[in-house]
Amino acid sequence: MKHLRILALSSALGLGLATSARPALADAPSRAAVEEGRTHFKRGVALFKEADFRAALIEFEKAFEIAPNFRVQYNIGQTCLELQDYACALGAFQRYLKDGEKEVPPARRKDVEARRKDVEKEVTRLAALVAHVRVSVNREGAEVSVDDISVGKSPLPQALAVGAGRHKFTATLSPSAPVNKVVDIASGDDVEVKLELEGAAPAQVPDAKITPVAPPVVAPPPPHDVVVVDIPSRAPFFVGVASTAVLTGGTIVFGLMSIGAKSSLDRKIGELGVTPGDVESAQSKVKTFTILTDVVGGAAIVAGVVTTILFFTTSPSSHLERRQGRRLTVTPLGVAGSF
């Protein structure tokens, strides 16, 4: 790939970082800083070759932060191109051209002229792909971020270059709540984004003292006669229900057994070689089961009648007195009536 070839060449140049021929600077990085910057630079080159462009960009930016060298901006621009961050690439290439003009000695400018021309062409191409946004905030000192990346504090000195697409602009200043605005921006746009922060929170006003007012005294109503009617227990009713159910089940069982015994008797009568004793035994079973069915069935009927009577006699509604001019109220302990 062309980018990899160019980056490898830049790596060879960048290994010197601040040690190449350049005007002496009073604030030139120390030898230790140069070595640390070189380490990050090498990591960036390796990560770029592995196509881990986001990590490579972080390493190149760290190298430039520790030991500034205009050559690193070339690598930053190439990496931003791979990330399709055209605004980032444009800024890096422009800084490469600006700083390189100052730092490359006249004797070596012919050697880098071809690369400078390539970069200038790339800058021209990228300039058509980015937009310029003027961010204004109604309060000074607010932290301004684009896509959650801080770009400075208000007022910003110049317009921001951003790539085409949807971007989130944020202004933050305590104690106001952050203000966000999402804007769709096309290439070549020159727009203004206004962020309005709310004013400081109003001072808390102490609550006025409230003097409690005693509630008016209301005379209690005159006493009423209360008649308490005890509600009888419904346990007998539930016992009757259970007994009726058991007896009914017994009736069904004995009835089925009686039918089975009758079927067995019919088969024995039709069989050859059956003795009179076997027939009498079968008849006795039929008779026994029939009697049991009648007895248990009669008991179930009696239990059902008794249960029905208990249902009405133990029902709470049967004990509620309903007379003209009398109001009844159900209480947890019984029924109370007031005249």
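Computed from the coordinates by the stated procedures, all read-outs in this text should not be read as laboratory data. Remember, it's a predicted structure, so these values are computed and weren't measured experimentally. Note: ideal-geometry Cβ built from the backbone for every residue, glycine included; neighbour counts use all protein chains shown.
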Quiz prompt | Residues R134, R54 arranged by fewest to most Cβ contacts within 10 Å | solution = R54, R134
Practice problem: Could you line up L292, L173 from fewest to most neighbouring Cβ atoms inside 10 Å? | Solution: L292, L173
Quiz prompt | Shape of the stretch 130-195, Cα gyration tensor, a/c cut at 1.5 | solution = prolate
Quiz item: Could you put F60, F289, F238, F312 in order, starting from the residue whose Cβ has the fewest other Cβ atoms within 10 Å?
Solution: F312, F238, F289, F60
Quiz item: If you take the beta carbon distance between I252 and V306 as r and set R0 to 25 Å, what does 1/(1 + (r/R0)^6) give as a FRET efficiency, to the nearest 0.05?
Solution: 0.80
Exercise. Just grab the label-to-label distance for D266 and D52, each label 7 Å out from Cα along the Cβ direction, in nm (one decimal).
Key: 9.2 nm
Exercise. Sort the stretch 74-120 into rounded, prolate or oblate with this rule: let a ≥ b ≥ c be the square roots of the eigenvalues of the Cα gyration tensor; rounded if a/c is under 1.5, and if a/c is not under 1.5, prolate when a/b is larger than b/c, oblate otherwise.
Key: prolate
Quiz prompt | the stretch 72-161: C-alpha gyration tensor shape, a/c 1.5 cut-off, then a/b vs b/c | solution = prolate
Exercise. Would you mind calculating the gained length between I291 and R125 on full extension (0.36 nm times residue separation, minus the Cα-Cα distance), in nm to one decimal?
Key: 48.6 nm
